[in-house]
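Student: Starting off with a structure, shown below.
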């Protein structure tokens, strides 16, 4: 599938859900690794004893940006053997238009992503797509993250 075929295919999918991920568990180890990588060592993320006593959630919570950073994994963009479209040689994160964290992800919660295609445009020999990335927390009504993610697909 080339650029023109992908453009035609995607154009027909605007305003529809194009991906639902499997559930993953956000462990304390994952939260700690993110904290160490970013230097964001706030107690609400990494101190289970203090969080049990002082946090309104009574346990540690994932960083909002950890939840956001799981987009490539949850969207299925990290497995090179399964391209988003046949013929795509690379997918580049181009940015975000809107980002909100309406709910916390408490430790050991299961989350998954739902992605809705918002737009697709041809730009300089690539396709730029915008998706609404919504992270659900199992058993919760409010999502943990809602973002408009922009990617460029190169063929």
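The values are calculated or read from the model by the stated rules, or taken from the named source; none is laboratory data. Computed from a predicted structure; not experimentally measured. All Cβ positions, glycine included, derive from the backbone under ideal geometry; neighbour counts span all protein chains shown.
Student: What about residue 85, is it at pLDDT below 95, touching a helix residue (DSSP H, G or I) at 6+ places or on another chain (Cβ under 8 Å) and not in a helix (DSSP H, G or I)?
Tutor: When the stated conditions are applied, residue 85 passes them.
Student: For region 1-46, what are the residues that are under 22 Å from residue 151 (Cβ atoms) and over 20 Å from the mean Cα position of the chain (by Cα)?
Tutor: 1, 2, 3, 4, 5, 6, 7, 8, 9, 11, 12
Student: Still on this model: Here's a check for you: in region 98-114, which residue that is in a strand (DSSP E or B) and surrounded by 20 or more Cβ atoms within 10 Å (Cβ to Cβ) is nearest to the chain's Cα centre (by Cα)?
Tutor: Filtering first and then ranking leaves 113.
Student: Is it true that residue 8 is part of a helix (DSSP H, G or I), without any contact (Cβ under 8 Å) to a residue 24 or more places away in the chain and closer than 30 Å to residue 122 by Cα?
Tutor: Spelling it out, residue 8 is indeed part of a helix (DSSP H, G or I), without any contact (Cβ under 8 Å) to a residue 24 or more places away in the chain and closer than 30 Å to residue 122 by Cα.
Student: Further question: Among 53, 98, which is the only one that is out of contact with any helix residue (DSSP H, G or I) (no Cβ under 9 Å at 6 or more places or on another chain), over 21 Å from residue 136 (Cα atoms) and at pLDDT 95 or above? Can you show your working first?
Tutor: Values: 98 fails: over 21 Å from residue 136 (Cα atoms).
Exactly one residue qualifies, and that residue is 53.
Student: Tell me, please, whether a residue that is within 30 Å of residue 154 (Cβ to Cβ) and either loosely packed, with under 14 Cβ neighbours inside 10 Å or over 13 Å from the mean Cα position of the chain (by Cα) (or both) can be found in region 47-55.
Tutor: No: zero hits.
Student: Within region 63-78, is there a residue that is surrounded by fewer than 13 Cβ atoms within 10 Å (Cβ to Cβ) and at pLDDT below 95?
Tutor: yes
Student: I need every pair where a residue in region 92-114 that is in contact (Cβ under 8 Å) with a residue 40 or more places away in the chain and on the phi > 0 side of the Ramachandran plot has its Cβ under 9 Å from the Cβ of a residue that is part of a loop (DSSP other than H, G, I, E, B) and surrounded by fewer than 16 Cβ atoms within 10 Å (Cβ to Cβ), sequence separation at least 6 or different chains.
Tutor: Final answer for the pair search is 108/27; 108/59.
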